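The structure appears below as structure tokens.
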Amino acid sequence: QVQLVESGGGAVQTGGSLRLSCAASGSIQGINTMGWYRQAPGKQRELVAAITSGNNRNYADFVKGRFFIFRDNAKNTVYLQMNSLSPEDTSVYYCNADVLRWRGSDYGTEHYWGQGTQVTVSS
């Protein structure tokens, strides 16, 4: 199995910064796209940013210029640097990963989610 463990969430004031980390562990042959999503109470989960194994990045419009996603493939870890935070960024942030693994009879790509980490931005 594969586990994604997030860290780095917390409470900051408007204009502050946080860096989230998500480390994947377990039976991993490789990881394709890794990404961050967020979900606020009463709202749907939405994409924040994603990065491919070749470091192609995709950002939601509401974070462009403020957030930066990067990864360390040797550590199977993805990061989200969040700057210029505002109360609208308050949410639970989830990481996900498309993991290539041996499934007993073949290799296949499976999608995994982390448990989520709370980010709270106060005005």
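The values are calculated or read from the model by the stated rules, or taken from the named source; none is laboratory data. As the structure is a prediction and not an experimental result, all values here were calculated from the model. Ideal geometry is used to build each Cβ from the backbone, glycine not excepted, and the neighbour counts take in all protein chains shown. Keep in mind that these areas ignore ligands, DNA and RNA; they rest on the heavy atoms of the full protein, side chains included. Shrake-Rupley method; radii C 1.70, N 1.55, O 1.52, S 1.80 Å.
Quick rundown of the values:
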| quantity | calculated |
| --- | --- |
| Condition check for Asn32: open to solvent by 60 Å² or more (accessible area, probe 1.4 Å), part of a loop (DSSP other than H, G, I, E, B), more than 23 Å from Ser122 (Cβ to Cβ) and not charged (D, E, K, R) | no |
| Flag for Val12 being surrounded by fewer than 19 Cβ atoms within 10 Å (Cβ to Cβ) and assigned to a strand (DSSP E or B) | yes |
| Filtered residue count, segment 80-90, keeping only those that are surrounded by fewer than 18 Cβ atoms within 10 Å (Cβ to Cβ) and part of a strand (DSSP E or B) | 1 |
| Count - residues of segment 77-123 that are within 12 Å of Trp36 (Cα to Cα) and among the aliphatic types (A, V, I, L, M) | 5 |
| Filtered residues of segment 95-111 (kept if of a type outside the set (D, E, K, R) and either outside any strand (DSSP E or B) or open to solvent by 40 Å² or more (accessible area, probe 1.4 Å) (or both)) | Leu100, Trp102, Gly104, Ser105, Tyr107, Thr109, His111 |
| Flag for Gln3 being part of a strand (DSSP E or B) and open to solvent by 30 Å² or more (accessible area, probe 1.4 Å) | yes |
| Meets criteria (assigned to a strand (DSSP E or B), in contact with a strand residue (DSSP E or B) (Cβ under 6 Å, 6 or more places away or on another chain) and within 16 Å of Thr77 (Cα to Cα)) for Ala23 | yes |
| Checking Gly54 against (1) touching a strand residue (DSSP E or B) at 6+ places or on another chain (Cβ under 8 Å); (2) surrounded by fewer than 15 Cβ atoms within 10 Å (Cβ to Cβ), the condition it does not meet | (1) |
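Condition check ((1) open to solvent by less than 50 Å² (accessible area, probe 1.4 Å); (2) assigned to a strand (DSSP E or B); (3) out of contact with any Ser or Thr (no Cβ under 6 Å at 6 or more places or on another chain); (4) not aromatic (Phe, Trp, Tyr)) across all residues:
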position: Arg19; (1), (2), (3), (4): no, yes, yes, yes
position: Arg38; (1), (2), (3), (4): yes, yes, no, yes
position: Lys43; (1), (2), (3), (4): no, no, yes, yes
position: Val48; (1), (2), (3), (4): yes, yes, yes, yes
position: Asn58; (1), (2), (3), (4): no, yes, yes, yes
position: Phe62; (1), (2), (3), (4): no, no, yes, no
position: Gly65; (1), (2), (3), (4): no, no, yes, yes
position: Val78; (1), (2), (3), (4): yes, yes, yes, yes
position: Val92; (1), (2), (3), (4): yes, yes, yes, yes
